[in-house]
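Right, one structure below, let's go through it.
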Amino acid sequence: MTEALPPWRPLLRAAMQREGRSVSARWVQLASTGRDGTPRVRTLVFRGWAGVDQLELFSDQRSEKVKELSSHGAAELCWLFPKARQQYRLRGMVQLITPAEQADLCQQRWQQLSDTGRAVWGWPTPAKPLDPSAAFPEHLSDTSPLPDHFVVLRLQVETVERLNLGPHPHQRTRWSAQTLWQEQPLNP
Ligand SMILES: Cc1cc2nc3c(=O)[nH]c(=O)nc-3n(C[C@H](O)[C@H](O)[C@H](O)COP(=O)(O)O)c2cc1C
């Protein structure tokens, strides 16, 4: 039996479609808690849905965010759709899926990347001092082996908040998995 799509999913998809072919429609801001307890945020590419309420991102296990999320998986995504004038905030826990744990899944995700998309996993450790003699490949073909440090970040969405600046007054809506995604209108 297929699980029903939460009510916010078609709304989010419609907002995304309004962006047309713009690559930035798939850019999300991922906020996490730094290892010193202070906030961290950065942009990642939305890679797809793994289930009706599970969203996937790809990253590098050597990066700081992965260290943060492995000690504290709570995260929030902020997703802006400028043409629709809507902001979505998706909150939940991130599960880290590594090649050591789920080789087939990671291999499948690795293969779905473009050659230029894959290349960054061939680069030296993120945030280490730059070594001008180090190699930074521009492409990695789909036959290149899956790197051990590839990782899938799977966000289990627990709360969604949408702000729609289109109408007057603005609309703010919250859905929570706890209330079976019952829609709660809020003051904007
Ligand atoms: C448009 C854009 C897309 C990006 N996509 C990703 C991505 O999908 N995965 C990723 O790990 N980093 C991505 N980055 C780089 C991150 O924003 C960040 O600089 C890097 O992952 C290091 O973050 P950290 O030090 O917080 O771990 C992207 C950056 C930009 C500007």
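For the reader, a short list of remarks on this structure follows.
- Residue pairs whose Cβ atoms lie under 9 Å apart, sitting 6 or more positions apart in sequence or on different chains, and linking a residue in the range 108-133 that is at positive phi and open to solvent by 60 Å² or more (accessible area, probe 1.4 Å) to a partner that is assigned to a loop (DSSP other than H, G, I, E, B) and hydroxyl-bearing (Ser, Thr, Tyr), are ALA127/SER63.
- Taking the criterion of being polar (S, T, N, Q) and surrounded by fewer than 17 Cβ atoms within 10 Å (Cβ to Cβ), the residues of the range 67-97 that qualify are SER70, SER71, GLN95.
- Checked against (1) of a type in the set (D, E, K, R); (2) in contact with a Pro (Cβ under 9 Å, 6 or more places away or on another chain); (3) open to solvent by less than 30 Å² (accessible area, probe 1.4 Å), GLU64 passes all but a single condition, namely (3).
- Taken together, the residues in the range 80-107 that are within 14 Å of PHE58 (Cα to Cα) and either in contact (Cβ under 8 Å) with a residue 60 or more places away in the chain or among the basic types (Lys, Arg) (or both) amount to 2.
- Boolean, LEU5 is under 11 Å from the mean Cα position of the chain (by Cα), under 29 Å from PRO188 (Cα atoms) and more than 12 Å from the ligand (Cβ to nearest atom): no
- Residue that is farthest from THR179 (Cα to Cα), among those in the range 21-59 that are away from the ligand (no atom under 13 Å from the Cβ) and open to solvent by 50 Å² or more (accessible area, probe 1.4 Å): ARG21
- Residue within the range 86-95 that is among the hydrophobic types (A, V, I, L, M, F, W, C) and in contact with an Asp or Glu (Cβ under 9 Å, 6 or more places away or on another chain) present: yes
- Count of residues meeting criterion [within 22 Å of the chain's Cα centre (by Cα) and charged (D, E, K, R)] in the range 102-141: 4
- Residues that are touching a residue at least 60 places away in the same chain (Cβ under 8 Å) and basic (Lys, Arg), drawn from the range 8-64: ARG18, ARG47, ARG62
- Criterion: within 27 Å of TRP8 (Cα to Cα) and at pLDDT 95 or above - qualifying residue of GLU68, GLU64, GLU76, GLU101: GLU76
- For ARG172, the conditions (1) in a loop (DSSP other than H, G, I, E, B); (2) without any contact (Cβ under 8 Å) to a residue 60 or more places away in the chain are fulfilled apart from (1).
The values are calculated or read from the model by the stated rules, or taken from the named source; none is laboratory data. Quantities reported herein were computed from a predicted structural model and do not represent experimental measurements. Methodologically, a virtual Cβ is constructed for each residue, glycine included, from the backbone with ideal geometry; neighbour enumeration extends over all protein chains shown. SASA here: full protein model, heavy atoms, side chains in, ligands and nucleic acids out. Shrake-Rupley method; radii C 1.70, N 1.55, O 1.52, S 1.80 Å.
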